[in-house]
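Each remark here refers to the structure printed beneath this line.
The values are calculated or read from the model by the stated rules, or taken from the named source; none is laboratory data. Since the model is a prediction, treat every value here as computed from it, not as a measurement. Note that we place each Cβ from the backbone using ideal geometry, even for glycine, and neighbour counts take in every protein chain shown. When the accessible area is computed, the model is the full protein with side chains, heavy atoms only, and any ligands, DNA or RNA have been set aside. Shrake-Rupley method; radii C 1.70, N 1.55, O 1.52, S 1.80 Å.
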Amino acid sequence: MLIKSNPDEIQSFLSDASHMLEGHAERVVFPERAQEVAEILQTATRDKTPVTVSGAGTGTVGGRIPFAGIVLATDRLNQIKSIVHEDQGGRAVAEAGVRLSDFQRFVESSDLFYPPDPTERSCFLGGNVATNASGARTFKYGPTRSYIQRLKIALATGDVIDLRRGELRADAGGRIEIPLPSGRSIEAQLPAYRMPQTRKHASGYYVAPEMDALDLFIGSEGTLGVITEIEVTLLPKPRGLLSGIVFFRSEDNLLAFVQDARSLSLAHRQSVGARAGRLGVFIEKALEVATRERVHQREPDDESSGLIDARALEYFDNGSLNFLRQKYETIPAEAVSAIFFEQETTPATEDPLMTEWLSLLEQHDALIDNSWFATSEQDQTKLREFRHALPVLMNEWFARHRQRKVSTDMSVPDEAFAGMLDFYQSTLQTSDLKYTIFGHIGDNHVHVNILPRDDNEGARAREIYLQFLKRAASVGGTLSAEHGIGKLKRDYLRLFYSEENLRQMAALKRAFDPAGILGRGNIFSEEYL
Ligand SMILES: Cc1cc2nc3c(=O)[nH]c(=O)nc-3n(C[C@H](O)[C@H](O)[C@H](O)COP(=O)(O)OP(=O)(O)OC[C@H]3O[C@@H](n4cnc5c(N)ncnc54)[C@H](O)[C@@H]3O)c2cc1C
């Protein structure tokens, strides 16, 4: 097994997209099989050596940054093992270190489709599962959790378990018992909190009544075990795609447009869901996923409907457009905000759908003639690059100014979103700080980045950030909708969970990791362990 300890060689494993500084580790180990991972963990438990699991390091909250011990890199667990076609899509098995972009390409070359798409596609599948990643397409298709059918996980005890969805559940009292290959079992009590009523959630351990054991590990940020292999559900590949970056000269018009596009899409899906339910074909494979997390199987009728059904609705405020103007000179001068949308099409629906979208945009006075639309793969890639360029520019800004990232990832329930966005905007407009607001508006989830130019502004930015957090907590929101808590946000978790709930989470972790070696400092600080 490859082991690196030369400081120059391990430097790149000591950071991630959070730009947290001063990560350090004794060495980085690169196991190639689940059994090797288990042996590393068993030894580390015996010696009480902290182990930080590393994916591709695109995480934004310092989750893979070590502050002691060793880094367990998943780079060499990088095989796509199988793919099969089934009636309504298929399944694939891949190791945790497979890069999402490679996986997407592979799946699509088999005419299938893996919906999770967390903007930065250089991430690994294991990192996606560990953070329950989501992205633009989550508006239609739900987060990573919705597609996970089976996980192979190496535990701190040195055991390797294989959990398939539907095979093992918590009991009505919230007890969960996981049998180990050694004949022993792990018994744990689930925390007593309930999930927030938001469309996305990646803050702390997932809990639901009589939940599937598999769901505990999804979003656990490297604190409960090392995911080594993943089986996912695949959908049929969409036949075509219509997308657009549409500019508006009035923010009010943009918000009214979003409201309409969103309501039409959700209403359409409800009616398709009802029809599919009657036909008995709805959500057979990815079904076990609890409550509000969505999976959509395409129904044949659905495709010929020609009705608005966005799979992505993404927002850019004026500050975001000003940033992007550095790279994209053709953004219209009068534009104050923009929306990126995508909808799947067939040859029969492409034209009617274009007409529908144009008509809706016209109703809301969008700058149609200066907006950009795409139906070919090549043009769509350009639009996606535009969307991706913004978080990249933000990350570069924080690195250049050597400032800690001040970036929100909260989502709130449907009824609270308009007030939350207004609160963000009015608070920031009266400060003299530079900021951007962009992201997944379809899911009531926008990222506010406050961009301090020096430490003084940094301190003020964090004060404002705290106001935003308190507001989100007061309306039943979540601290992190998709990036996770990591080390950067753990101290804010107590605004969203009681002290008792945090202790229950820590107790759950101890059941799986008695020596507390895994993902130290992620989700909660070490004092809880
Ligand atoms: C420009 C940009 C845009 C982004 N946009 C989005 C977005 O739209 N949506 C979104 O969800 N995220 C987004 N992200 C964040 C990031 O891409 C995701 O969090 C991604 O899922 C992390 O994967 P990774 O392989 O890079 O994990 P890492 O950063 O290496 O690790 C993330 C966490 O997972 C743990 N981990 C990694 N692999 C494993 C494993 N095999 N077993 C157990 N634990 C493991 C680590 O310990 C760490 O806690 C964005 C990031 C960037 C830089």
>> Quick check on region 48-70: of everything there that is open to solvent by 10 Å² or more (accessible area, probe 1.4 Å) and more than 22 Å from the chain's Cα centre (by Cα), which residue is farthest from the ligand (Cβ to nearest atom)?
In response: K48
>> Test of understanding: among P191, P209, which residue is modelled with pLDDT of 95 or more and not hydrophobic (A, V, I, L, M, F, W, C)?
In response: P191
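Out of the residues in region 348-384 meeting the condition of being aliphatic (A, V, I, L, M) and within 28 Å of the chain's Cα centre (by Cα), tell me which one is nearest to F316 (Cα to Cα).
Residue satisfying both the conditions and the ranking: L383.
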> Does region 44-60 contain at least one residue that is over 18 Å from T223 (Cα atoms), in contact with a strand residue (DSSP E or B) (Cβ under 9 Å, 6 or more places away or on another chain) and part of a loop (DSSP other than H, G, I, E, B)?
Replying inline: no
>> Here's a check for you: in region 219-262, which residue that is of a type in the set (D, E, K, R), open to solvent by 10 Å² or more (accessible area, probe 1.4 Å) and outside any loop (DSSP other than H, G, I, E, B) is farthest from the ligand (Cβ to nearest atom)?
In response: D252
> All but one of (1) open to solvent by less than 20 Å² (accessible area, probe 1.4 Å); (2) away from the ligand (no atom under 16 Å from the Cβ) hold for P181; which doesn't?
Replying inline: (1)
>> With touching a residue at least 40 places away in the same chain (Cβ under 8 Å) and surrounded by 22 or more Cβ atoms within 10 Å (Cβ to Cβ) as the only criterion, which of T119, T131 stands out?
In response: T131
>> I'm trying to understand the selection: among the residues of region 7-43, which are assigned to a strand (DSSP E or B) and open to solvent by less than 20 Å² (accessible area, probe 1.4 Å)?
In response: V28, V29, F30
>> Looking only at region 381-413, how many residues end up being part of a helix (DSSP H, G or I) and in contact with a helix residue (DSSP H, G or I) (Cβ under 9 Å, 6 or more places away or on another chain)?
In response: 6
> more than 16 Å from T60 (Cβ to Cβ) and within 14 Å of the ligand (Cβ to nearest atom) - does that describe any residue in region 420-442?
Replying inline: yes
>> The conditions are (1) under 24 Å from K509 (Cα atoms); (2) open to solvent by 20 Å² or more (accessible area, probe 1.4 Å); (3) away from the ligand (no atom under 14 Å from the Cβ); (4) not in a loop (DSSP other than H, G, I, E, B), and I176 fails exactly one of them. Which is it?
In response: (2)
> For region 330-380, which residues satisfy the criterion of being open to solvent by less than 20 Å² (accessible area, probe 1.4 Å), among the β-branched types (V, I, T) and in a loop (DSSP other than H, G, I, E, B)?
Replying inline: I331, T346, T349
> Hey, among R400, R387, which residue is touching a residue at least 60 places away in the same chain (Cβ under 8 Å) and either in contact with a His (Cβ under 8 Å, 6 or more places away or on another chain) or basic (K, R) (or both)?
Replying inline: R387
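How about region 184-218: which of its residues are hydroxyl-bearing (S, T, Y) and crowded, with 16+ Cβ neighbours inside 10 Å?
Y193, T198, S203, Y205, Y206
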> Within region 71-158, which helices (runs of 4 or more DSSP H) (wholly inside it) include 3 or more residues that are in contact with a strand residue (DSSP E or B) (Cβ under 8 Å, 6 or more places away or on another chain), more than 12 Å from the ligand (Cβ to nearest atom) and hydroxyl-bearing (S, T, Y)?
Replying inline: none
> If R165 passes every condition in (1) among the basic types (K, R); (2) farther than 17 Å from A92 by Cα; (3) away from the ligand (no atom under 16 Å from the Cβ) but one, which one does it miss?
Replying inline: (2)
> Which members of region 391-430 meet the condition of being farther than 28 Å from Q259 by Cα and polar (S, T, N, Q)?
Replying inline: N395, Q403
